[in-house]
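Visitor: Here it is, the structure, as structure tokens.
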Amino acid sequence: MLDTDLKSKRRPDYGIDAPGLVRIFFTGGLIVALLFLTIILFVGVSVLWLVILATVLAILSFYLLGMGCFMAYESKVTKLKDRDAILGKIVWRGDETVLDIGCGRGLMLIGAAKRLRTGKAFGVDLWLSRDQSANSPEATLDNARIEKVDDRVEVQTADMRKLPFADAMFDVITSYWVVHNVEKAEDRHLAITQMLRVLKPGGVLILADIEHRHDYVDIMSNLGLIDISLEVKPVKDLIVKAISFGSFAPFVITARKPAA
Ligand SMILES: C[S@@+](CC[C@H](N)C(=O)[O-])C[C@H]1O[C@@H](n2cnc3c(N)ncnc32)[C@H](O)[C@@H]1O
């Protein structure tokens, strides 16, 4: 088979989010599972405290390995389905100028570019490897080539708090699981203010994330965005909150900048 044939069969790789955390879950889970097996196979559970210890280790190992699998599945499967559902909310003309904030390896950026004919999709990112595995401009452009949208995609290194674009340049702005990575509340506020600055009057902002949902809605409403809708999947919300001890839960906010 020719090299070009092999290349054309390649699939895009959108990476794993928070790879360090996923590694900790898998490594921790395996170590705890080994401890559990050592007790069961070599020590025995002849006294009560050993029964309790073995039970705790079994539960802990199940939890850690389960979390590792869950996070990897979210990155590799769920996010792709969510991406299509989220982008499907927009009635695309095909000539839009799109900005994906924190584009990573291009999940939303490329999804949007696939819906364009004459428009263009821009992605910005700081390429922080703690937030996504092997993210880089090259990896994103490679995925764009595989998905045959590289003629409609441009990536830049930029911080979402200081977007290097003119005012009112974009018809659609997306941001998927990015803004929560900024630690300080005032910086998250600044990031959303920047998004609003570069959004055209009448343009659509879609912000999907896993923390601070009510803060974002308040900020958008205070900044004058309209048609703000917060979408939460109730069952998933409960499950993810429970397994993350209330830390995370995914949601999508859609809003519009008033027409001039
Ligand atoms: C969890 S990843 C999500 C990437 C992509 N949106 C996706 O869903 O596949 C978060 C991304 O945000 C980027 N990021 C973090 N802080 C940023 C900042 N201040 N400005 C721009 N990008 C940032 C990281 O480098 C990373 O690629």
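Visitor: Closer than 17 Å to residue 15 by Cβ and crowded, with 19+ Cβ neighbours inside 10 Å, is that true of residue 144?
Guide: Numbers: closer than 17 Å to residue 15 by Cβ: yes; crowded, with 19+ Cβ neighbours inside 10 Å: yes.
Yes: the conditions hold for residue 144.
Visitor: Here is a further query. Which ones in the range 106-152 are away from the ligand (no atom under 11 Å from the Cβ), assigned to a loop (DSSP other than H, G, I, E, B) and either closer than 21 Å to residue 72 by Cβ or in contact with a Leu (Cβ under 7 Å, 6 or more places away or on another chain) (or both)?
Guide: Hit for the range 106-152 is 115, nothing else.
Visitor: Which condition breaks for residue 12 when tested against (1) modelled with pLDDT of 95 or more; (2) over 28 Å from the mean Cα position of the chain (by Cα)?
Guide: (2)
Visitor: I've got another one for you. Test each condition in (1) crowded, with 17+ Cβ neighbours inside 10 Å; (2) near the ligand (Cβ under 10 Å from one of its atoms) for residue 155 and report the one that comes out false.
Guide: Failed condition: (2).
Visitor: Can you work out which of the residues in the range 10-56 that are touching a residue at least 60 places away in the same chain (Cβ under 8 Å) and basic (Lys, Arg) is surrounded by the fewest Cβ atoms within 10 Å (Cβ to Cβ)?
Guide: Only one residue fits best here, namely 11.
Visitor: Identify the single condition in (1) at positive phi; (2) away from the ligand (no atom under 15 Å from the Cβ) that residue 68 does not satisfy, given that it satisfies every other one.
Guide: (1)
Visitor: Say we look at the range 91-105 and pick out the residues that are among the aliphatic types (A, V, I, L, M) and touching a strand residue (DSSP E or B) at 6+ places or on another chain (Cβ under 6 Å); which of these is farthest from the ligand (Cβ to nearest atom)?
Guide: 98
Visitor: If you don't mind, there's one more thing I want to ask. Determine, yes or no, whether residue 55 is more than 14 Å from the ligand (Cβ to nearest atom), under 24 Å from residue 191 (Cβ atoms) and among the polar types (S, T, N, Q).
Guide: Here the answer is no, as residue 55 does not meet what is asked.
Visitor: Does at least one position in the range 103-114 carry a residue that is surrounded by fewer than 20 Cβ atoms within 10 Å (Cβ to Cβ) and either among the hydrophobic types (A, V, I, L, M, F, W, C) or on the phi < 0 side of the Ramachandran plot (or both)?
Guide: Start the filter on the range 103-114 by keeping residues that are surrounded by fewer than 20 Cβ atoms within 10 Å (Cβ to Cβ), which leaves 114.
Next cut, either among the hydrophobic types (A, V, I, L, M, F, W, C) or on the phi < 0 side of the Ramachandran plot (or both) only: 114.
Yes, that holds for at least one residue.
Visitor: Being more than 10 Å from the ligand (Cβ to nearest atom) and not acidic (Asp, Glu) is the filter here; which residues of the range 80-90 pass it? Step through it out loud before you land on a result.
Guide: Of the range 80-90, the ones more than 10 Å from the ligand (Cβ to nearest atom) are 81, 84-90.
81, 85, 86, 87, 88, 89, 90 - these are the residues of the range 80-90 that are more than 10 Å from the ligand (Cβ to nearest atom) and not acidic (Asp, Glu).
The values are calculated or read from the model by the stated rules, or taken from the named source; none is laboratory data. Values in this document were obtained by computation on a predicted structure and should not be read as measured data. No Cβ is skipped: glycine too gets one built from the backbone with ideal geometry, and neighbour counts run over all protein chains shown.
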